[in-house]
Amino acid sequence: MANHKSSLKRIRQTETRRLRNRYYAKTARNAVRNLRNITDKAEAETEYKRVSSMLDRIAGKHVISKNKASNLKSKLARMINKLGA
């Protein structure tokens, strides 16, 4: 167990951030999964805007990397374009 006040505070902060990051990451994964299950192109396009914004927001908070967010958005956009064909 830590002895210094600063290390005790650091432990509390780390745990709080870990739980918050886990929540954001799980929410984003669920949103991406739900978007992949949509078969209607118009509905998928409106949902894509929301999911894309969410991915950018959590990438800005360093929950996921910016490259991962970009890769996910690219794959989702390609998937939506295939729905019309």
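The values are calculated or read from the model by the stated rules, or taken from the named source; none is laboratory data. Everything numeric here is computed off the predicted structure, so don't read it as measured data. Positions of Cβ are backbone-derived with ideal geometry, glycine not excepted, and every protein chain shown enters the neighbour counts. Remember, those area values only see protein heavy atoms, side chains included, never the ligands or the DNA or RNA. Shrake-Rupley method; radii C 1.70, N 1.55, O 1.52, S 1.80 Å.
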Margin query: As an exercise, take the mean of 1/r over every pair of distinct alpha carbons in the chain, invert it, and state the Kirkwood radius in angstroms.
Written below: 14.5 Å
Check: Mind ordering 2-12, 62-72, 37-47 by average Cβ neighbours within 10 Å, highest first?
Finding: 62-72, 37-47, 2-12
Next item on the list: Within the set of other residues whose C-beta is less than 14 Å from the C-beta of Met79, count the net charge using Lys and Arg as +1 and Asp and Glu as -1.
Entry: +3
Next item on the list: Treating cross-link reach as a plain straight distance, find the lysines whose alpha-carbon is under 25 Å from the alpha-carbon of Lys61, omitting any fewer than eight places away in the same chain.
Entry: Lys9, Lys26, Lys49, Lys73, Lys75
Notebook entry, point to check: So what is the accessible area of the chain per residue, in Å², with the probe set to 1.4 Å?
Noted result: 76 Å²
Check: Summing -39500 (n - 2.57) over the DSSP H runs of n ≥ 4 in the chain and dividing by its residue number, what mean residue ellipticity at 222 nm do you reach, to the nearest 500 deg cm²/dmol?
Finding: -29500 deg cm²/dmol
